[in-house]
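Structure first, then comments.
The values are calculated or read from the model by the stated rules, or taken from the named source; none is laboratory data. All values derive from a computational prediction rather than experimental measurement. Every residue, glycine as well, gets a Cβ built from its backbone with ideal geometry; the counts of neighbours run over all protein chains shown. Accessible surface is based on the protein model in full, side chains and every heavy atom, while ligands, DNA and RNA are left aside. Shrake-Rupley method; radii C 1.70, N 1.55, O 1.52, S 1.80 Å.
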Amino acid sequence: MKRLLVTGSSGLIGSEVCEHFSRLGWDVHGLDNNQRAVFFGPPGDTRWNQRRLETTLPHFTHHEADVRDRPAVLALVGGLRPDAIVHAAAQPSHDRAADIPFDDFDTNAVGTLNLLEAARRHAAEKPFVYLSTNKVYGDGPNAIPLVELETRWDYADPAFSEGIPETFSIDQSLHSLFGASKVAADVLVQEYGRYFDMPTCALRGGCLTGPNHSGVELHGFLSYLVKCNLEGREYRIFGYKGKQVRDNIHSLDVARFIEAFLERPRKAEVYNLGGGKANSCSILEAFRIVERLSGRPQISSYVDRNRVGDHICYYSDLRKMRAHFPSWDVSVSLEATMTQIVEAWQRRTAVANAGRP
């Protein structure tokens, strides 16, 4: 039985990867310490997801540890000697990073270094997959000429008709401190691949989403938007007229791509991992979809100030991923993804209400 180590295993992507590879017959080990609840308070708590994995997966072991704890990381990887590592643990909010710069950098950059060095010492020939972010490009995409449509912004330059490619510059742009710490980790992943000849890749994610996300205002766009709709809470739009565009990819399709990479690993690769143009939407368009699915109006307010380093329009050019891994493609549509998120929040709300006196 092959052994997989997943960091951030109680989060959206980590838990999906754990489930996916458990179904494939792997012995899955998850590293998590519910740091999301520390970063975002009780709404970010992921213990429920940890318990779900422990009770439903036949070959899953939870390890309570922090990626910043170098001795613990080195000991865990040394003891497990995994056949692959998927590193999904992170401080994921560019807004929150400004308030906790040391925690942000220690988690995102130093935590990644700890895992890479542990992998080099104990699993150097095994694939290492890092969940990076499209924020490594900073606000560079905002310099692309845009056209304003009725409900969204889009690229006016035909060179970007398929989205942002991996060759787009990450230099001389405003990243946010979160983006900067993820750049450091992203480059480290590439460097360990090239310098030490290790099979590493960085997945520069767009909006990674799905039904098991503990969405909060500072992270988890669609999950939080759906939660606000179902609870009748106000969703705040920050700038760009609510027409800012994100490409959304279901966590299952992320796990499927990781499976494809582990089957045919490459060294020091980067991929822009998102839903592409077909799975993109603006905030205004997301409002219309969730209103149709839930039958409830979306309550919102507008703040005439965009978030620092935020993209006006971003969707991933998937051509490199499809060329390297022809058997992979996006399989879950935006509509199907949002339907699952609505149903998941409805179930979680029902369970929470059932437990109240």
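Brief remarks on what is shown
- Cα-centred dipole magnitude for region 64-188, charges only on beta-carbon of K, R (+1) and D, E (-1), debye, nearest 20: 620 debye
- Within the chain: Cβ-based charge dipole about Cα centre, in debye rounded to nearest 20 (Lys, Arg +1; Asp, Glu -1): 600 debye
- Sequence ranges 162-171, 186-195, ranked by mean other-Cβ count within 10 angstrom, highest first: 186-195, 162-171
- Computed helical MRE - 222 nm, the chain, DSSP H runs ≥ 4 contributing -39500 (n - 2.57), nearest 500: -12000 deg cm²/dmol
- Here the chain carries DSSP beta bridges of which approximately 15% are antiparallel, counting only pairs with both residues inside.
- Protein accessible area in region 166-246, 1.4 Å probe - carbon and sulfur %: 52 percent
- Point-charge dipole on Cβ atoms (K/R +1, D/E -1) for region 188-253, about Cα centre, debye to 20: 320 debye
- Mean separation of Cα contacts under 8 Å, 6 or more apart, over the residue count of region 206-283: relative contact order %: 39 percent
- A straight chain from Ala260 to Lys320 at 0.36 nm per residue would run longer than the Cα-Cα distance by 20.2 nm.
- According to the Cα-based calculation, Rg over Rh for region 203-258 is 1.00, with Rh computed by the Kirkwood formula.
- Cα gyration tensor shape for region 50-156, rounded if a/c is under 1.5, else prolate or oblate: prolate
- Protection proxy ranking, highest mean first, for peptides 24-33, 74-83, 135-144: 24-33, 135-144, 74-83, where packing is the per-residue count of other beta-carbon atoms within 10 Å, averaged.
- Expressed as a whole percent, the accessible area of region 42-105 that falls on carbon and sulfur atoms is 56 (1.4 Å probe).
- Under 18 Å from the Cα of Lys227 - aspartates and glutamates, other chains or at least 8 residues apart: Asp45, Glu217, Glu285, Glu291, Glu335, Glu343
- Among the listed pairs Lys135/Lys320; Lys182/Lys320; Lys135/Lys241; Lys2/Lys320, those beyond 23 Å (Cα-Cα): Lys2/Lys320
- Protein heavy-atom accessible surface, 1.4 Å probe, per residue over the chain: 40 Å².
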